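Q: Have a look at this one before I ask anything.
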Amino acid sequence: MITGRVVSADEAGAVVLAAGGRLRATWGSALLVASASCPDALARRGDAVRLTVWPDGRTTLDAVLMRPVDRSA
């Protein structure tokens, strides 16, 4: 597993900047289940996340590790 920072996100997944460069990741099963009851569970721009790169080359975004605090409010 690797970590990175979300650059952009959409309904299918996210683009993440990791140590090896930019990766396109789809949502992992745990995030999909969590988002069914709480849409904020999905990663958004700026979030630190954990990724899994599978043997077949696919990448999934499995967890939001840290979300930046919005201090504008």
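Just so it is clear, none of the values below were taken in a lab; they were calculated from the coordinates. Since the structure is predicted, the reported quantities are computational estimates derived from the model, not experimental observations. Using ideal geometry, Cβ is built from the backbone for each residue, glycine included, and neighbour counts are taken over all protein chains shown.
Q: If the elastic network links every pair of Cα atoms under 10 Å, which of Ala25, Ala63, Ala12 fluctuates the most in the Gaussian network model of the chain?
A: Per the Cα network of the chain with a 10 Å cutoff, Ala12 tops the list.
Q: Quick one: grab the alpha carbon gyration tensor of the chain, order the square roots of its eigenvalues as a ≥ b ≥ c, and give me rounded if a/c is under 1.5, else prolate or oblate depending on whether a/b is larger than b/c. Walk me through the intermediate numbers first.
A: On the way: a/c = 2.05, a/b = 1.28, b/c = 1.61.
The shape class here is oblate.
Q: From the residues Val15, Ser72, Ala36, which one has its Cα farthest along the dipole of the chain in the positive direction, the dipole being from +1 and -1 charges on Cβ of Lys/Arg and Asp/Glu about the Cα centre?
A: After comparing all options, I get Ser72.
Q: Below 8 Å, C-alpha to C-alpha, sequence gap of six or more: please give me the relative contact order for the chain in percent. List each step's numbers first, then the result.
A: Working: 148 pairs, mean separation 23.3, N = 73.
Dividing the mean separation by the residue count of the chain yields 32 percent.
Q: Something else about it: Per-residue ellipticity at 222 nm for the chain, helices alone: DSSP H runs ≥ 4 residues times -39500 (n - 2.57), over residue total, nearest 500 deg cm²/dmol?
A: Details: 1 runs with 9 residues, N = 73.
When only DSSP H runs of four or more count, the value is -3500 deg cm²/dmol.
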